[in-house]
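First comes the structure, then the notes that go with it.
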Amino acid sequence: ITGVVMVFRDVTGQRVLRQEVERRASHDHLTGLANRAEFDRLLLELFESSISTGTSHALCCIDLDQFKIVNDSCGHAAGDALLREVSALLLKSVRAKDTVARLGGDEFALLLEGCDINIAQRIAQSVCDKVAQIRFQQDGKFFRVGASIGVAPLDGRWTTAQEAQQAADGACFAAKDEGRGRVHIYEDMDKAVLAQHDQMQWASRLQQAID
């Protein structure tokens with residue numbers, strides 16, 4: 001070989017564009033948090049980890065209280081601003097290895113990796129207390145919001161990841177029924193969660209009967 005021709009092409013722009021496309025596919029456009037699809041993927045990973053390695057994790061489902069009042073009184077732009085404020089608070093309240101996701105509307109979730117139920121309860125209570133301290137101001141009006149949080153362990157007891165999420169959802173509904181602005185920890189044969197499940201089943205049966 002007596003000579004070589006080398007051609008260099010800067011692909012930085014393409015790489016940045018590809019990373020941005022991937023990020024948008026897995027993150028919520030409003031808050032920058034993980035979206036539902038990314039949450040489902042990570043939940044399945046932690047669920048499988050709890051089965052294969054015996055490591056305990058925790059799932060928290062969060063529903064904002066009084067959010068609809070802000071949306072209805074001040075418009076969606078104000079509601080979006082409040083959601084971004086809550087999102088920033090959630091990110092500051094968890095550990096670096098944890099995941100904060102927005103599932104839609106005013107529903108959020110925390111995936112707490114390598115976390116037993118006692119630590120999860122402390123994190124959830126801290127989030128609950130901090131959200132209660134928010135004083136959201138818009139057009140000269142002040143609003144208070146709260147958070148109802150349901151916590152379920154990921155410790156190998158579930159047959160599917162969906163069962164774990166249903167347990168956390170049920171605990172969140174129980175927290176609302178108990179007065180809102182509080183944390184409810186799921187336990188086996190949890191009467192409050194079982195009552196919520198029974199109510200949901202009856203709602204479906206009644207609708208079928210009406211139809």
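The values are calculated or read from the model by the stated rules, or taken from the named source; none is laboratory data. Keep in mind that what you see is a predicted model, and the values were worked out from it rather than measured. Positions of Cβ are generated from backbone atoms using ideal geometry, with glycine treated the same way; all protein chains shown enter the neighbour counts. Ligands, DNA and RNA are excluded from the accessible area calculation, which covers all protein heavy atoms including side chains. Shrake-Rupley method; radii C 1.70, N 1.55, O 1.52, S 1.80 Å.
Can you name every residue in the range 92-139 that is aliphatic (A, V, I, L, M), within 17 Å of Leu154 (Cα to Cα) and in a helix (DSSP H, G or I)?
Ile117, Ile119, Ala120, Ile123, Ala124 - these are the residues of the range 92-139 that are aliphatic (A, V, I, L, M), within 17 Å of Leu154 (Cα to Cα) and in a helix (DSSP H, G or I).
Considering only residues that are over 18 Å from Asp63 (Cα atoms), open to solvent by 40 Å² or more (accessible area, probe 1.4 Å) and touching a residue at least 40 places away in the same chain (Cβ under 8 Å), which ones fall in the range 118-154?
Ile119, Gln138, Asp139, Lys141
Restricting attention to the range 12-44, report how many residues are in a loop (DSSP other than H, G, I, E, B) and open to solvent by less than 100 Å² (accessible area, probe 1.4 Å). Please lay out each step first, then the result.
Filtering the range 12-44 for residues in a loop (DSSP other than H, G, I, E, B) gives 28-33, 35.
Subsequent filtering for residues that are open to solvent by less than 100 Å² (accessible area, probe 1.4 Å) retains 28, 30-33, 35.
Counting residues in the range 12-44 that are in a loop (DSSP other than H, G, I, E, B) and open to solvent by less than 100 Å² (accessible area, probe 1.4 Å) gives 6.
Residues in the range 17-70 that are more than 28 Å from Leu82 (Cβ to Cβ) and of a type in the set (Lys, Arg): how many?
Matching residues across the range 17-70 total 1.
Select from the range 82-95 the residues that are out of contact with any helix residue (DSSP H, G or I) (no Cβ under 9 Å at 6 or more places or on another chain) and touching a residue at least 24 places away in the same chain (Cβ under 8 Å) and list them in ascending order. Working first, answer last.
Residues of the range 82-95 out of contact with any helix residue (DSSP H, G or I) (no Cβ under 9 Å at 6 or more places or on another chain): 84-85, 87-88, 91.
Selection gives Arg84, Glu85, Ser87, Leu91.
Can we say Ser148 is modelled with pLDDT of 95 or more and touching a Gly at 6+ places or on another chain (Cβ under 7 Å)?
Details: modelled with pLDDT of 95 or more: yes; touching a Gly at 6+ places or on another chain (Cβ under 7 Å): yes.
Taking the combined requirement at face value, the residue satisfies it.
Does any residue of the range 51-69 turn out to be open to solvent by less than 30 Å² (accessible area, probe 1.4 Å), part of a helix (DSSP H, G or I), of a type outside the set (D, E, K, R) and touching a Leu at 6+ places or on another chain (Cβ under 6 Å)?
Just the residues of the range 51-69 that are open to solvent by less than 30 Å² (accessible area, probe 1.4 Å), to begin with: 57-65, 67.
Now narrow it down to the ones that are part of a helix (DSSP H, G or I): 67.
With of a type outside the set (D, E, K, R) added as a condition, the list becomes 67.
Those left that are additionally touching a Leu at 6+ places or on another chain (Cβ under 6 Å): none.
No, that holds for no residue.
Counting only residues that are free of Cβ contacts under 8 Å to residues at least 40 places away in the same chain and acidic (Asp, Glu), which one in the range 155-188 is farthest from Leu103 (Cα to Cα)?
Going through the qualifying residues, I end up with Asp188.
Among what's in the range 70-97 and is open to solvent by 70 Å² or more (accessible area, probe 1.4 Å) and among the aliphatic types (A, V, I, L, M), pick the residue that is farthest from Ser126 (Cα to Cα).
Only one residue fits best here, namely Ala77.
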